Amino acid sequence: QVQLVESGGDSVQAGGSLRLSCVYSGYNYNTYSMGWFRQAPGKAREGVAAIYSAGASKYYGDSVKGRFAISRDNAKNTLYLQMNSLKPEDTAMYYCAAAMFRNPGIAAILWAAQSQYSHWGQGTQVTVSS
């Protein structure tokens, strides 16, 4: 019953910034960890960032550390991905997804594993030109 809707994707020049949003609904309480994934044409889907639902733990893929920041506003049922210093290599369809992890230790290991995420949005396209 969980529904995720991404928005904010756009075309931008290298070095620019974008903020993606993911509005989630379907449950009275937010018991899910949330993650951002991306997939470029001809490439495998990869984990970008995630937040553990029961705490402040955040996880990032190596390629985006220092440039991207994940956050959430529970009052608005919204997950965000702030993307700065964008590179052409960041061009991809970006998806938000929801998962349940037992604890931060498990989340730290499995946050980027697609199989852990039970709900997915339809994606929003980010295109970065050089």
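The values are calculated or read from the model by the stated rules, or taken from the named source; none is laboratory data. Quick caveat: nothing in here was measured; it's all calculated off a predicted structure. Ideal geometry is used to build each Cβ from the backbone, glycine not excepted, and the neighbour counts take in all protein chains shown. Accessible surface is based on the protein model in full, side chains and every heavy atom, while ligands, DNA and RNA are left aside. Shrake-Rupley method; radii C 1.70, N 1.55, O 1.52, S 1.80 Å.
Ignoring ligands, DNA and RNA, what percent of the 1.4 Å accessible area of segment 1-103 is carbon and sulfur?
Within segment 1-103, the accessible surface is 45 percent carbon and sulfur.
Normalised radius of gyration for the chain, please: alpha carbon Rg relative to 2.2 N^0.38 Å, two decimal places.
Cα Rg divided by the expected 2.2 N^0.38 Å: 0.98.
Any idea of the accessible area per residue across the chain, 1.4 Å probe, to the nearest Å²?
Counting only protein heavy atoms, the per-residue value for the chain is 52 Å².
How much length is gained on full extension from SER7 to GLU89, taking 0.36 nm per residue of separation minus their Cα-Cα distance?
Details: separation 82, 0.36 × 82 = 29.52 nm, distance 1.98 nm.
Fully extending the segment from SER7 to GLU89 adds 27.5 nm.
State the answer as a single residue: which of MET100, VAL48, GLY121 lies farthest towards the positive end of the charge dipole of the chain, with beta carbon charges of +1 for Lys and Arg and -1 for Asp and Glu, about the Cα centre.
MET100
Which ³J(HN,Hα) values in Hz, rounded to whole numbers, follow from the phi angles of segment 74-86 under the Karplus curve 6.51 cos²θ - 1.76 cosθ + 1.60, where θ = phi - 60° and Gly and Pro get x?
Per-residue couplings from phi come out as 5, 5, 9, 6, 10, 9, 10, 9, 7, 10, 10, 6, 5 Hz.
Quick one: compute the contact order of the chain, relative version, from alpha carbon pairs under 8 angstrom and 6+ residues apart, as a percent.
Details: 308 pairs, mean separation 46.6, N = 130.
In percent, rounded to a whole number, it is 36.
Place a +1 charge on the Cβ of each Lys and Arg in the chain and a -1 charge on the Cβ of each Asp and Glu, then give the dipole magnitude about the Cα centre in debye, rounded to the nearest 20. Mind dumping the intermediate values first?
Numbers: 11 positive and 7 negative charges, 39 e Å.
Using only the charged Cβ atoms, the result is roughly 180 debye.
For the pair ARG19 and LYS76, how long in nm is the line joining their label points, each one 7 Å along Cα→Cβ?
0.6 nm
Sum -39500 (n - 2.57) across every DSSP H segment of at least 4 residues in the chain, then divide by the residue count to get the 222 nm mean residue ellipticity, nearest 500.
-1500 deg cm²/dmol
Roughly how big is segment 45-95's charge dipole about its Cα centre, with Cβ charges of +1 (Lys, Arg) and -1 (Asp, Glu), in debye to the nearest 20?
The dipole magnitude comes to about 140 debye.
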